[in-house]
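Heads up, the thing below is written out as structure tokens.
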Amino acid sequence: MRKIKKLFIGIFVAISVLVSVGFQSDFFEIAKQIDIYTTLFKELNMYYIDEVNPAKLTNNAVNYMLQNLDPYTRYYDEQGVEEARIQQAGEYGGIGAISYYKNNTLTIKEVLKNSPAEKIGIKAGDKIIEINNVSIKEFEGKSASMLLNGLPNTKVKIKMERQNKIINLEITRKKIIINPVPYYTMLEEEVGYISFVKFNKKAASEVKKAFLDLKEEGMKKLIIDVRGNPGGLLMEAVKITNFFIPKDKIVVTTKAKIEKWSDTYKTRSEPLDVEIPITVLVNNRSASASEILAGSLQDYDRAVIIGERSFGKGLVQRYRELSYGTQMKITIAKYYTPSGRCIQELDYTNRDDKGNIPKFSDAGRKLYKTEKGRIVYGGGGILPDIKIDKPITTETTRALFKSDAFFNYVTNYFYKNKTIVQPSKFKLNTTDFNNLKAYLIKNSGDFETSTETEFKKAKRKANEENLGTNLDKIYTALLDEIQSEKLKELDKNKEEILHNLTEEIVKRYYYNEGVYIQKAIFDTTIIKAKTILNNTKEYNSILKS
């Protein structure tokens, strides 16, 4: 017995020593790297030929370091902390306009309905030149748009350009509430529809309000639309799931390196309704908390999932306070649905030497079972029970949606057409698609693919090396051919382009509410969801098969 006791004591001491040595080794390596960075920074600051901006240099260094981990681990300076708070809280003081900064210009992207910006007449496409008599060119990136925010009831002066005319305005800021549920309605006599676009602190309460309102209107079947919803607060997803499944059921489990951050999240309250038939709409931009909601309802056979395979973000982040009012959002865990599946798609840890990120689904998807025994899959997002097929979005189409040309086309359309028909009757056609392509030909400089960008770089390089003398004709011919092929590529995604173009145009006239009204009539996924809900036999067979 003594020998056994001594053996256990010996093993315990050995393990303790190894852990201690490992910890000390890690601590030493961290201290060493910090010391190297500190001395390097000091030398740069003292001896570099030009003035060094310490804050900018540190931001660049930190951001470059973190981007090599994953896209979600991020550093926030003091201004970034405030932006993160707004995203979580769902409210701020401002004018109620969404803007973007590019090429020393702050452009209004969207105006919120009933906001100070709308009431004073600001329109999407307006270009802000000055804020409180300070030129926008004095600022960089998001810091320019943040100047529009401030305490409610304070005033802000702006000078802006619209259709080559200068306009001066003074606006009183108000409390802007970002409603995560921009629209809900009865689509038919018994079918209710709730769309929500983010999981901020107001998400669960707003979804509950929408649900109860629709029940009073006679709702007996429900469509939940989380297409394009990037996620947000995990606990809001747990609360919303709780509305439709019994108390004390597991919604999600997190597994972290730090044991105290590993947790199992269960429903804590009595549900609102455990019987109402539900469909959940997802697409390739439904991520994180959206996938927790869809995945848990699927695992409990509580809803039919319809649409495209979701994004596949199975990583959990937490904010950590740093010194001087800064903070970091850091990936601390992976989450698992009630059946035990992790739906993370990209394996950021095992990038290759060229930075390519492998997919977990490439190695095969592990099978899991729902509560009733249906087969579901881990890795690579949530696979819908009913898949809505659509052509793969080409890189050219992605470039179009990000381009100034697409945004500017909608702006021109708005000023050429004082009114459009009501959203429930608005539908674009082939003529509109061809008009867009004609505009892109005339404004090719505002719509450039990566191929064209690299091709132009190659031409400039050739000129620098005196190799471009006889290339001009060939270069022009090839560039024309690339632009011709570019337009042909757009034909592959004609329906998707018309869909996005419709949304942007309707939004200019009828705001987000109009977009949802239009979708309720013409959206093929919503139409499919209504069909499934109205066929009780098919709905039940999907959840039992």
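Details
- Length released on extending from N103 to D352, taking residue separation times 0.36 nm less the Cα-Cα span: 86.3 nm
- Stretch gain in nm, segment L322-K437, where the contour uses 0.36 nm per residue and the Cα spacing is subtracted: 36.5 nm
- Less than 5 angstrom separates the built amide H of D225 from those of I194, S195, F196, L281, all sequence-distant by 5 or more or on a different chain.
- Packing order of peptides 468-481, 320-333, highest average first: 320-333, 468-481 (average count of other Cβ atoms within 10 Å over each peptide's residues).
- Local electrostatic count, E465, Cβ distance below 14 Å [Lys/Arg +1, Asp/Glu -1]: +3
- Scanning residues 5 or more positions from L106 or on other chains, those with amide H under 5 Å from its amide H are I128, with H placed 1.01 Å from N in the peptide plane.
- For the pair E395 and F28, label points projected 7 Å from Cα toward Cβ lie 4.7 nm apart.
- Neighbours of E91 by Cβ distance under 14 Å: Lys/Arg scored +1, Asp/Glu scored -1, total +4.
- Sequence-distant residues sharing a close amide H with I176 (under 5 Å, placed H): Y92, G93, G94
- By the helix-only formula, in which each DSSP H run with n ≥ 4 contributes -39500 (n - 2.57) and the sum is divided by residues, the chain has a 222 nm mean residue ellipticity of -14000 deg cm²/dmol.
- Cα radius of gyration and Dmax for the chain (Å): 27.0, 94
- What a 1.4 Å probe finds exposed on region 424-463 is 48% carbon and sulfur by accessible area, rounded to a whole percent.
- Proximal charge balance of E217 [Cβ under 14 Å; K/R count +1, D/E count -1]: -1
- Mean Cβ neighbour count within 10 Å, used as a protection proxy, ranking 256-262, 212-218 highest first: 212-218, 256-262
- Per-residue ³J(HN,Hα) for region 108-114, Karplus 6.51 cos²θ - 1.76 cosθ + 1.60, θ = phi - 60°, Hz, x for Gly and Pro: 6, 8, 7, 10, 7, 5, 6
- Note that the chain presents 57 Å² accessible area per residue, ligands and nucleic acids not counted, probe 1.4 Å.
- Note on N133 and T430: the extension gain reaches 102.4 nm, defined as 0.36 nm multiplied by sequence separation minus the Cα-Cα distance.
- Converting phi to 3J(HN,Hα) with the Karplus coefficients 6.51, -1.76 and 1.60 and the offset θ = phi - 60°, region 438-453 yields 5, 5, 5, 5, 6, 10, 4, x, 8, 9, 10, 7, 5, 4, 5, 4 Hz in sequence order, with x at every glycine or proline.
The values are calculated or read from the model by the stated rules, or taken from the named source; none is laboratory data. Given the structure is predicted, the values throughout are model-derived calculations rather than measurements. Because the Cβ atoms are built from the backbone with ideal geometry, glycine has one as well, and the counts that use them run over all protein chains shown. When the accessible area is computed, the model is the full protein with side chains, heavy atoms only, and any ligands, DNA or RNA have been set aside. Shrake-Rupley method; radii C 1.70, N 1.55, O 1.52, S 1.80 Å.
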